[in-house]
Amino acid sequence: MTEDIIKAVCAVIYGLFGDGYKIYTEAVAQDADAPCFFVLCTTPSINRRLGDEYFQKTPVIVQYLPQNDEEYRTECTDVFEKLSLNLDMIPLEDSYIHGLDLHGEIIDGVLNFYVRYDTPIVKTKEPTARMEKIEITQELKGG
């Protein structure tokens, strides 16, 4: 599920910015070509709900490395607005999933955009063998 969410986020970013922006989903050495995006899942978690139901939280960070070092703040702000308006809901499987806690910050000239996607999961069990036939014999004591 986590990889599906990362792929969906990358697809939305690609749709917004096109071929001129490289999108990385793995750590890259210092040779990244600006402008570019890094899309990573930070600390996923799964919590049990009821029975076989679970709830997965998938926090995603999108880092944007701007092209213009001198006007990076304006560029990062523009990218933040586009991400906020388009990553609030992403396509996943045959439906859409809402993004939560969307926020961003600019640190050392890099935009860090945060969003979390929560998804329910139902754990499927292997079918168990059923008894085909049972016989019960009971006797009563006394009269």
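The values are calculated or read from the model by the stated rules, or taken from the named source; none is laboratory data. These figures come from a predicted structure and were not determined experimentally. Quick reminder, even Gly has a Cβ in these numbers, built from the backbone with ideal geometry, and neighbours come from all protein chains shown.
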Item to check | 2 or more residues acidic (Asp, Glu) and closer than 25 Å to residue 24 by Cα: qualifying strands (runs of 3 or more DSSP E) within the range 35-143 | outcome: 95-107
Checklist entry - Looking only at residues in the range 46-65 that are hydroxyl-bearing (Ser, Thr, Tyr) and in contact (Cβ under 8 Å) with a residue 60 or more places away in the chain, which one is surrounded by the most Cβ atoms within 10 Å (Cβ to Cβ)? => result 58
Checklist entry - Taking the range 105-143 only, how many residues are in contact with a helix residue (DSSP H, G or I) (Cβ under 7 Å, 6 or more places away or on another chain) and among the aliphatic types (A, V, I, L, M)? => result 2
Checklist entry - Of all residues in the range 91-135, which are within 23 Å of residue 75 (Cα to Cα), among the charged types (D, E, K, R) and touching a strand residue (DSSP E or B) at 6+ places or on another chain (Cβ under 9 Å)? => result 101, 105
Next on the checklist: With the requirement that a residue be surrounded by fewer than 13 Cβ atoms within 10 Å (Cβ to Cβ) and within 23 Å of residue 121 (Cα to Cα), what does the range 12-45 give you?
Outcome noted: 42, 43, 45
Checklist outcome for this item: Picked from the range 34-54 (must be under 15 Å from residue 111 (Cα atoms) and either among the aromatic types (Phe, Trp, Tyr) or at pLDDT below 90 (or both)), the residue farthest from the chain's Cα centre (by Cα) is 34
Next on the checklist: Please go through the range 94-143 and give me each residue that is more than 27 Å from residue 48 (Cβ to Cβ) and touching a Lys or Arg at 6+ places or on another chain (Cβ under 9 Å), ordered by number.
Outcome noted: 106, 109
Checklist entry - So is residue 130 modelled with pLDDT under 85 and touching a Phe, Trp or Tyr at 6+ places or on another chain (Cβ under 6 Å) or not? => result no
Next on the checklist: Any residue that is exposed (fewer than 15 other Cβ atoms within 10 Å of the Cβ), in contact with a helix residue (DSSP H, G or I) (Cβ under 9 Å, 6 or more places away or on another chain) and free of Cβ contacts under 8 Å to residues at least 60 places away in the same chain - is there at least one of those in the range 97-104?
Outcome noted: yes
